[in-house]
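S.K.: The structure that follows is given in the form of structure tokens.
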Amino acid sequence: MSAESSVALPPARLTQRPGFWAGIAVMALGISAAAGLSLLRANSEPLPQLGALPDFAFTRQDGQTFGSAQLRGHPFIANFIFTRCPTVCPAFTRKMAHVQQSTESHGTNLQLVSFSVDPKYDTPERLAEYGKLHGANFTRWSFLTGDYDILKDTIVQGFKVSMGREPGAAEDDLLSIFHGTHFVLVDSKGQIRGYYDSADSESTDRLLRDVKRLVREEG
């Protein structure tokens with residue numbers, strides 16, 4: 001068929017029913033606005049209170065006593081590592097270093113605390129070396145060691161995070177040591193306000209947002 005004898009196609013239906021498509025656009029804008037309001041409302045509400053920590057006191061990387069007494073009045077982020085860990089701890093500590101960098105604007109008001117789950121090996125000197133290796137600002141980021149049983153009780157019963165060693169394992173069997181890999185956000189009164197999977201980048205981003213919410217809440 002020649003171009004001259006071709007039948008003209010009808011115009012697209014989009015141009016025939018502008019009122020319909022305008023209605024769809026308005027509906028989409030309404031849904032977006034409602035979602036935005038829900039997110040704004042969620043971000044303005046207080047974070048949940050998930051349990052109070054018991055008082056604790058351990059030894060910091062500089063040999064000084066450090067614990068709930070020194071943290072009182074300061075929100076803090078906790079994690080759980082050991083210096084000779086061959087698996088998740090290096091990445092977990094790098095994530096904490098990222099959190100340190102991302103929260104610099106809060107200064108020393110926001111503290112970071114890494115608890116060793118291998119305290120017999122992790123002396124204050126080893127923790128200090130480990131902290132320096134990962135760029136820790138020791139005015140904000142503390143590394144704690146102490147009595148194994150008391151540490152375990154604080155971590156498992158207080159923070160509700162797993163920690164332990166397989167029964168009968170040799171001292172140098174590092175794969176027998178296990179611990180949780182969540183960050184824990186704690187407010188200035190010692191209340192747990194959130195858990196964040198360190199292996200999930202979205203969860204870590206949520207931690208950074210929740211830190212801002214908590215600081216604003218405690219104002």
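The values are calculated or read from the model by the stated rules, or taken from the named source; none is laboratory data. Remember, it's a predicted structure, so these values are computed and weren't measured experimentally. Positions of Cβ are generated from backbone atoms using ideal geometry, with glycine treated the same way; all protein chains shown enter the neighbour counts. Just so you know, the surface numbers come from the protein's heavy atoms only, side chains and all, with ligands and any DNA or RNA stripped out. Shrake-Rupley method; radii C 1.70, N 1.55, O 1.52, S 1.80 Å.
S.K.: Might you check whether a residue that is out of contact with any Cys (no Cβ under 9 Å at 6 or more places or on another chain), assigned to a loop (DSSP other than H, G, I, E, B), among the β-branched types (Val, Ile, Thr) and open to solvent by 60 Å² or more (accessible area, probe 1.4 Å) occurs anywhere in the range 130-142?
M.R.: yes
S.K.: Another question, then. How many of the residues making up the range 143-199 are assigned to a helix (DSSP H, G or I), open to solvent by 10 Å² or more (accessible area, probe 1.4 Å) and modelled with pLDDT under 95?
M.R.: Residues that pass the stated criteria total 2.
S.K.: Across the range 141-160, what is the number of residues that are within 16 Å of residue 183 (Cα to Cα) and touching a strand residue (DSSP E or B) at 6+ places or on another chain (Cβ under 6 Å)?
M.R.: Number of matching residues: 7.
S.K.: I would also like to ask the following. Those residues that are assigned to a helix (DSSP H, G or I), under 24 Å from residue 209 (Cβ atoms) and open to solvent by less than 10 Å² (accessible area, probe 1.4 Å), I need them from the range 80-100; list them, please.
M.R.: 92, 93, 96, 99
S.K.: Residues that are part of a loop (DSSP other than H, G, I, E, B), at pLDDT 95 or above and either loosely packed, with under 13 Cβ neighbours inside 10 Å or touching a helix residue (DSSP H, G or I) at 6+ places or on another chain (Cβ under 9 Å) (or both): does the range 12-25 have at least one?
M.R.: No, the range 12-25 contains no residue that is part of a loop (DSSP other than H, G, I, E, B), at pLDDT 95 or above and either loosely packed, with under 13 Cβ neighbours inside 10 Å or touching a helix residue (DSSP H, G or I) at 6+ places or on another chain (Cβ under 9 Å) (or both).
S.K.: When the range 101-118 is examined, which residues are found to be open to solvent by 10 Å² or more (accessible area, probe 1.4 Å) and in contact (Cβ under 8 Å) with a residue 60 or more places away in the chain?
M.R.: The answer is 102, 106, 109.
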